[in-house]
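A.B. asks: Submitted below is the structure of interest, expressed as structure tokens.
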Amino acid sequence: MQLNIKYNFLILILAILVSAVTSSEVKAQGQVKSIMFTGRVVGVKGTQTLGKAYILIPRAGRGTLADEGGYFALPVFPGDSIVFSYLGYQKQYHIIPRRHMEESYSAIILMKEDVKTLAEVKVYPYATEEEFKKAFVAMKLPDEFERANLEQNTRQELLMQMAAVTPLSAAGNYRNFMDQQIFGRENAANRSFTTAVPFLNPFAWAKFINSVKNGDLKKKEYRSILNQAPRESITRQDVMKK
């Protein structure tokens, strides 16, 4: 009887020891070791480093920042999902393999540019349309001074005055001399011919009568044209004064 009791007691102790060892092994197998996740965040072309990129593990609520060169180091666990974000780029997601048993893991994260086309915005320096109209009317052109000089120097009256006092050039003197020679020869050749008198021309009389009927002599346009003509006695001093 005592032997049975001792035997049962030994079996109980062995069972307790086996269960303790088994439970410790199960616990050891259930523990998951952390992995050091290292890498670099770069642009989509691979040549632009994205320093100070945000790296976050949403499930754990922790993260880090990449350095100036885009390098980072973060302890993670197998199966973790890491979010990479950077201003002007789309968010990138990277999952740590669940069956990764090594103590370190490295990867290069390529970020894609986030291109957004905004609507056109027109900025005007005027609060109301009336202010814009006033500013537009008062606006001065960049070449306004040159335009004013051009308008002043190309007036018809000024050009006629300059033509009256400007002497002939060498070419003009030569042409005037040749004209006098030619006209002198024609006058000498026509001395034997009778000079036509317009007073006795019936066609001239018919034209004069028609002009009287039409009232051409009452019109005053010829006076304005006559006033625009420069005086014969005009001098250079008169032109300079104006």
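The values are calculated or read from the model by the stated rules, or taken from the named source; none is laboratory data. Note that the structure is a prediction, hence the values are computed from the model and not measured. All Cβ positions, even for glycine, are placed from backbone atoms using ideal geometry, and neighbour counts span all protein chains on display. Each accessible area value is taken on the protein alone, full model and side chains, heavy atoms only, with ligands, DNA and RNA left out. Shrake-Rupley method; radii C 1.70, N 1.55, O 1.52, S 1.80 Å.
A.B. asks: Amide H to amide H, which residues 5 or more places from Tyr71 or on other chains are under 5 Å from it, using H placed in the peptide plane?
C.D. replies: It is Val41, by chain and number.
A.B. asks: Amide H of Ala107: which non-local residues (sequence gap of 5 or more, or other chain) have their own amide H closer than 5 Å, using H built in the peptide plane?
C.D. replies: Answer set, sorted by chain and number: Thr38, Gly39, Arg40.
A.B. asks: Across region 57-62, in residue order, what do the Karplus-derived ³J(HN,Hα) couplings come to in whole Hz, using 6.51 cos²θ - 1.76 cosθ + 1.60 with θ = phi - 60° and x for Gly and Pro?
C.D. replies: 9, x, 5, 8, x, 9
A.B. asks: Still on this structure: Sorted by accessible area (1.4 Å probe), largest first, how do Lys140, Lys52 line up? Could the numbers behind the result be given before it?
C.D. replies: Details: Lys140 155, Lys52 105 Å².
So the residues, ranked largest to smallest area, are Lys140, Lys52.
A.B. asks: Roughly how many percent of the accessible protein surface of region 35-111 is carbon and sulfur, given a 1.4 Å probe and a whole-percent answer? Please list the in-between numbers first.
C.D. replies: On the way: 2580 of 4690 Å².
It is 55 percent, rounded to a whole number.
A.B. asks: Another one. For Arg40, what accessible surface area do you get with a 1.4 Å probe? Give it in Å², rounded to 10.
C.D. replies: Per-residue accessible area (Arg40): approximately 80 Å².
A.B. asks: How many lysine pairs does region 63-215 hold where the Cα atoms are under 29 Å apart and the two sit 8 or more places apart or on different chains? Mind showing how you got there, number by number?
C.D. replies: Values: Lys91/Lys112; Lys91/Lys116; Lys122/Lys133; Lys122/Lys134; Lys122/Lys140.
So the count works out to 5.
A.B. asks: Can you tell me the length gained on complete extension of the stretch Lys52 to Glu120, counting 0.36 nm per residue apart and subtracting the Cα distance? Before the final figure, lay out the partial values.
C.D. replies: Working: separation 68, 0.36 × 68 = 24.48 nm, distance 3.12 nm.
Here the segment from Lys52 to Glu120 would lengthen by 21.4 nm.
A.B. asks: Once label points are set 7 Å from the Cα along Cα→Cβ at both Leu159 and Phe132, what is their separation, rounded to one decimal in nm?
C.D. replies: 4.0 nm
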